[in-house]
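Down below is the structure, laid out as structure tokens.
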Amino acid sequence: MSRGSLLWCQSGVHTVKVGGREVDMVAGDLLFAGDQVAHTRSAGGIVLDIRFPECGIAGETRRIHLGQAWGEWMIHEYSRSLMGEAAPSTEILRLFREFVTAPRLPFNHEARSVARTLVNNPADNTGLEEFARRMGVAARTLQRQFVKGTGYTFSEWRAAQRVSVAASLLAHDFSISVTANLVGFAATSSLTRAFRRHTGRTPSAFTTGSIGMGMAGDPPAIPPSISFALSERDQQLWIHSGSATVTTPGFCRFLAQGDMATIPAGTRTRIDVAAGSIALPVPLGMAERDMDLRTLVEIRSGTGGEIPRLTLLEQAEWEILSHELLTTPVPVHP
């Protein structure tokens with residue numbers, strides 16, 4: 001079971017520390033932080049820390065730029081994590097599976113040191129022979145270490161690393177010519193050849209609105225949802241946008257944007273969230289007039305991220321609960 005954090009920059013500019021690495025984020029950025037603890041520094045704005053029991057994303061820390069148009073979908077994703085869903089949506093998993101990943105580092109000390117130099121400065125044009133001299137090994141030995149540890153020759157590894165960095169720059173609105181210069185290609189034609197070789201696509205496929213090997217484009221519409229859940233402790237459900245219906249034995253309430261309803265601990269609850277709507281569990285005691293997304297994020301940050309998740313019930317229990325709560329058909333997932 002893979003775990004990890006997805007960090008979404010809703011607004012502002014943030015510096016995120018993941019292990020020993022710092023990553024800058026702007027509004028519209030989505031960062032996969034792996035299993036490492038992530039800390040953020042910001043003068044303002046909002047970062048959503050989205051955690052699922054089964055992350056479904058593997059590999060190193062990665063940042064992709066979706067743009068601010070994805071803001072409501074990512075708040076929906078945040079809601080899914082707090083409402084008891086086990087894993088990110090297929091839409092988010094697709095983005096990370098299609099995004100260009102950096103080549104792995106070689107494991108031999110000399111080759112790994114060279115690789116880290118190139119990660120820190122992709123535009124470094126030092127040749128294999130000079131790097132070998134600095135490392136005190138033969139060029140042939142250093143080449144063999146790259147091939148054995150990564151599957152790439154030295155020059156191909158450097159090109160693959162440059163392509164991965166270039167893809168991120170292009171998604172952040174850098175022009176193709178400026179990107180080529182920043183990562184060390186002498187001409188845009190060299191960048192294009194490297195992209196075709198390592199991704200099968202041209203650099204233009206990675207400009208704003210395009211992610212990896214597929215188009216990110218506009219975010220999908222937020223679908224309706226029906227959940228049967230338990231809460232570990234008393235908490236409230238806040239309607240961030242749209243509407244929802246909360247049903248417990250002997251109680252049914254329609255909620256509009258800004259409304260809250262209490263979910264008592266140990267009570268089996270049916271939650272119907274309308275299409276285009278977002279419902280978020282919040283701690284007990286928060287007033288409707290005081291609640292907004294920034295407040296919820298600050299509360300989570302102040303409690304170490306520990307707002308209790310709802311526990312979804314198995315589908316086998318739904319039919320009994322449907323009769324107990326409402327005489328409606330049992331929801332069926334495709």
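The values are calculated or read from the model by the stated rules, or taken from the named source; none is laboratory data. Quantities reported herein were computed from a predicted structural model and do not represent experimental measurements. In this analysis, Cβ positions are derived from the backbone assuming ideal geometry, glycine residues included, and neighbour counts consider all displayed protein chains. When the accessible area is computed, the model is the full protein with side chains, heavy atoms only, and any ligands, DNA or RNA have been set aside. Shrake-Rupley method; radii C 1.70, N 1.55, O 1.52, S 1.80 Å.
Screening VAL47, VAL16 for residues that are in a strand (DSSP E or B), open to solvent by less than 10 Å² (accessible area, probe 1.4 Å) and modelled with pLDDT of 75 or more leaves exactly one candidate, VAL16.
Each row is one residue, and each column tells you yes or no for (1) out of contact with any helix residue (DSSP H, G or I) (no Cβ under 8 Å at 6 or more places or on another chain); (2) of a type in the set (Ser, Thr, Tyr); (3) part of a helix (DSSP H, G or I).
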{"position": "VAL114", "(1), (2), (3)": "no, no, yes"}
{"position": "ASN125", "(1), (2), (3)": "yes, no, no"}
{"position": "GLU130", "(1), (2), (3)": "yes, no, yes"}
{"position": "PHE146", "(1), (2), (3)": "no, no, yes"}
{"position": "TYR152", "(1), (2), (3)": "no, yes, no"}
{"position": "ARG158", "(1), (2), (3)": "no, no, yes"}
{"position": "SER164", "(1), (2), (3)": "yes, yes, yes"}
{"position": "SER168", "(1), (2), (3)": "yes, yes, yes"}
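Every residue, every condition in (1) touching a His at 6+ places or on another chain (Cβ under 8 Å); (2) without any contact (Cβ under 8 Å) to a residue 12 or more places away in the chain; (3) open to solvent by 40 Å² or more (accessible area, probe 1.4 Å), yes or no:
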{"residue": "PHE52", "(1), (2), (3)": "no, no, no"}
{"residue": "HIS65", "(1), (2), (3)": "yes, no, no"}
{"residue": "MET83", "(1), (2), (3)": "no, no, no"}
{"residue": "ALA86", "(1), (2), (3)": "no, no, yes"}
{"residue": "SER113", "(1), (2), (3)": "no, no, no"}
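Here is the figure for the stretch 180-204: residues that are open to solvent by 10 Å² or more (accessible area, probe 1.4 Å), in contact with a helix residue (DSSP H, G or I) (Cβ under 8 Å, 6 or more places away or on another chain) and in a helix (DSSP H, G or I) total 8. Reported count of residues in the stretch 222-235, each being in a strand (DSSP E or B) and at pLDDT 90 or above, is 1. Residue check: SER177 meets all listed conditions (1) at pLDDT 90 or above; (2) among the small types (Gly, Ala, Ser); (3) in a strand (DSSP E or B) but one, namely (3).
Among the residues of the stretch 247-266, those that are modelled with pLDDT of 80 or more and open to solvent by 30 Å² or more (accessible area, probe 1.4 Å) comprise PHE251, CYS252, ARG253, PHE254, ALA256, GLN257, ASP259, THR262, PRO264, ALA265, GLY266.
Quick one: would you say TRP70 is open to solvent by less than 30 Å² (accessible area, probe 1.4 Å), among the aromatic types (Phe, Trp, Tyr) and either at pLDDT below 80 or out of contact with any helix residue (DSSP H, G or I) (no Cβ under 8 Å at 6 or more places or on another chain) (or both)? Don't jump to the end; show me each part of the working.
Numbers: open to solvent by less than 30 Å² (accessible area, probe 1.4 Å): yes; among the aromatic types (Phe, Trp, Tyr): yes; either at pLDDT below 80 or out of contact with any helix residue (DSSP H, G or I) (no Cβ under 8 Å at 6 or more places or on another chain) (or both): yes.
Considered against the rule, which asks whether it is open to solvent by less than 30 Å² (accessible area, probe 1.4 Å), among the aromatic types (Phe, Trp, Tyr) and either at pLDDT below 80 or out of contact with any helix residue (DSSP H, G or I) (no Cβ under 8 Å at 6 or more places or on another chain) (or both), TRP70 comes out as yes.
Here ALA160, ALA194, ALA166 are screened, and the one residue that is in contact with a His (Cβ under 9 Å, 6 or more places away or on another chain), closer than 15 Å to VAL100 by Cβ and modelled with pLDDT of 90 or more is ALA160.
In the stretch 88-111, what residues are polar (S, T, N, Q) and open to solvent by 40 Å² or more (accessible area, probe 1.4 Å)?
Pass one, the stretch 88-111, residues polar (S, T, N, Q): 89-90, 101, 108.
Answer for the stretch 88-111, where residues must be polar (S, T, N, Q) and open to solvent by 40 Å² or more (accessible area, probe 1.4 Å): THR90, THR101, ASN108.
Scanning the stretch 224-246 for residues that are aliphatic (A, V, I, L, M) and open to solvent by 30 Å² or more (accessible area, probe 1.4 Å) yields a count of 2.
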